[in-house]
């Protein structure tokens, strides 16, 4: 797909539109979107009626972050070839980023799957749209359907792993189907988070300060006055942040989509209420510090934030199915590594052949162009493999956190109830070790160290329970504590360097470009056949099975067929637009053409966008074009 005309001629002006499209696609794969945009515009100038150049223009604009321009070019491509499934995918891919146009994106992706149910990319796009809305079950069904069509599809494999892990999308508070800009809900979320953070911090610090004054300095009454001043200061703070929210009608729905945002805001409000109730209680010098109600309110104010962080981390570790997610993502990693090796091998073979044969400069340049698709495929394989490798590392950390939490609960229960029960701890790390060995992830030494400490802790605690050895218990508990230190050090290192950390937020969605497939061109022989054919047959399907009807056809300059057919065919084609148009050349009696494509109604004619072209000679020899 990446070959172009540089081996044929040294003059760019001699290239055809499709050769410029090949060149644009090669530049896109090489990570040069500006240069690709120039090549795609050259192609569009040479053939304004073709949809492929417009799709490549849209893809280049998308790579450059110009979403509005990308939408305009994708819409023009769909206008030129309404039955093109790559065109529908391209438009769906860019519309999903536009506020208020999510439903249109889903509609175009659904049409693409209707036009080409045999193409895995259509199901991948439907899965991506569902995944970005947090509909993990629906996304998983779409990705599995895509893998049934293409078992080695990297994007479906990686994103299926995210669906199984119940991935937290980048804007969990925002529904892409809402008709408002995500930046507006983002500002509202930041205002709510800042308010909750400030309220909890102020009341926690004030609580500790008042308690210290009452207990150590016997200034209980004065400290209470300072506490009421803190409560008064919360009023302008709340008013200022409330003005920044702006989209109050959506706040309730934002809490529903991002429960942790709602919990954070509610916990801040509860902290303020608990602080006020604590201030209104008795504050003598020392004894009230032991009062359970007063101490409980103080605990809510001071410890609510750390407790919320701990609960959220624990919930994240137990969300989804990391073992199955690891298996799917690992398959994607292996498939892309294999593809990269095959592509590199083809490129190396071409280089060795050139060196061995000592070809002339022109032929060597042409073989260089033949090797470009292999290099382009290798680039895409590396991109998908990097995403898969990163996600595998994060999933292993999630699995480690789940194993650690089970081990802590088991050991604590054994210490309280029956120490010998700790022998069950020896089997707790088995799923984690199994996942690590299957993933073959050797990039993160911090992960290996923390995993080894958890295994050591399980074995030592089991030995301590069986042998009643104090030293074994100390080693096991110490190893559990050391694994927490290793995790904290790894997280701090990632935060300092700005790299991916050992948390779910570092998971990435695989988002390879879609809609760049070349359109099907009709050569002069096919055009001549439809121009001079005495009879043309339209084949379609309805509820009763396959049907045929006579038709009159013309071929447009862009390669579309325009048909006038019997009225019975129109209703059936609305349900299933896939058709086949058959014609024979009267000038060459043994020559026939079959165009398989997608038919859409346009006023009083049918527009058929070709998907496959079969040509041959009677009685049956044929070939696909």
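Read-outs: derived from the displayed coordinates by stated rules, not from any lab. Please read all numbers here as calculations on a predicted model, not as lab measurements. In this analysis, Cβ positions are derived from the backbone assuming ideal geometry, glycine residues included, and neighbour counts consider all displayed protein chains.
Things to note:
- Cβ crowding within 10 Å, taken as a proxy for footprinting-reagent exposure, orders 592, 495, 278, 260 from fewest neighbours to most as 495, 260, 592, 278.
- Mean-position separation - Cα centroids, segment 521-557 and segment 170-186, in angstrom: 47 Å
- Averaging the sequence gap over all C-alpha pairs within less than 8 Å and six or more residues apart, then dividing by the number of residues, gives segment 1-155 a relative contact order of 12 percent.
- Label-point gap, in nm, between residue 38 and residue 493 - each point 7 angstrom along Cα→Cβ: 4.3 nm
- By the beta-carbon count within 10 Å of each Cβ, the least crowded to most crowded order of 250, 430, fewest first, is 430, 250.
- When the convex hull of its Cα atoms is projected in every direction, mean area for segment 382-423 (nm²): 3.0 nm²
- Compared with the alpha-carbon gap, the fully stretched path from residue 319 to residue 14 is longer by 104.0 nm at 0.36 nm per residue.
- Listing 114, 189 from fewest to most neighbouring C-beta atoms within 10 Å gives 114, 189.
- Percentage relative contact order, segment 422-558, counting C-alpha pairs under 8 Å, at least six apart: 16 percent
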